[in-house]
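Enquirer: This is the structure, below, for whatever I ask next.
The values are calculated or read from the model by the stated rules, or taken from the named source; none is laboratory data. The structure presented is a predicted model; accordingly, all values stated were derived computationally and were not measured. Glycine also receives a Cβ, built like all others from the backbone with ideal geometry; neighbour counts cover every protein chain displayed.
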Amino acid sequence: MEGFELIGKTFGARALDADELSGLTLAYIGDAVFELAVRMYMSAHGSRQVNRLHKHVTAVVNAGAQSDLYRILEPQLRPEEEMIFRRGRNSKTITAAKNQKITDYRRATGLEALMGWLYLKERYDRIAELLSYGLPRLLQETPPAEDAGAEETGVSLGAEA
């Protein structure tokens, strides 16, 4: 037993069947999965102060950027993944998008639902495959070499003071 499975069992959580959850519940889980993956990606790609890391992460973990990421990933998606994306995108939400276009918000919800579904299906390799393809393209860079110095591997998301 590893990771979150152990944590879930410790607190008495039951196993979740990804195929039976609503698109919004998948998106709720996927939001956390996506943010954690982006935090790990940003942390691994350069030594920064935590407040700068946070700014870089929030530039990617928002509806507009997630919508753009979906457009990058769309040609890479398998039919089953496209179906899960649509399930999340087409979910009826109670809240309105804050400072975002509704189309971006819905695409982001679809992407988050896909991340949640892949996570619950334990398809971690597929999450890694999609994000390692999409994040560098979203950030308009290629992944830095593993042996590069920390300062040389900073992810650039625009001007930084």
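Enquirer: Restricting region 29-43 to residues that are of a type in the set (Val, Ile, Thr) and under 10 Å from residue 115 (Cα atoms), which is surrounded by the most Cβ atoms within 10 Å (Cβ to Cβ)?
Expert: Result: 33.
Yes or no, residue by residue, for (1) modelled with pLDDT of 90 or more; (2) touching a Leu at 6+ places or on another chain (Cβ under 8 Å); (3) hydroxyl-bearing (Ser, Thr, Tyr):
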residue	(1), (2), (3)
47	no, no, yes
70	yes, yes, yes
76	yes, yes, no
83	yes, no, no
116	yes, yes, no
123	yes, no, no
127	yes, yes, no
157	no, yes, no
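Enquirer: Would you check if residue 105 is modelled with pLDDT under 95, under 18 Å from the mean Cα position of the chain (by Cα), part of a helix (DSSP H, G or I) and under 18 Å from residue 32 (Cα atoms)?
Expert: yes
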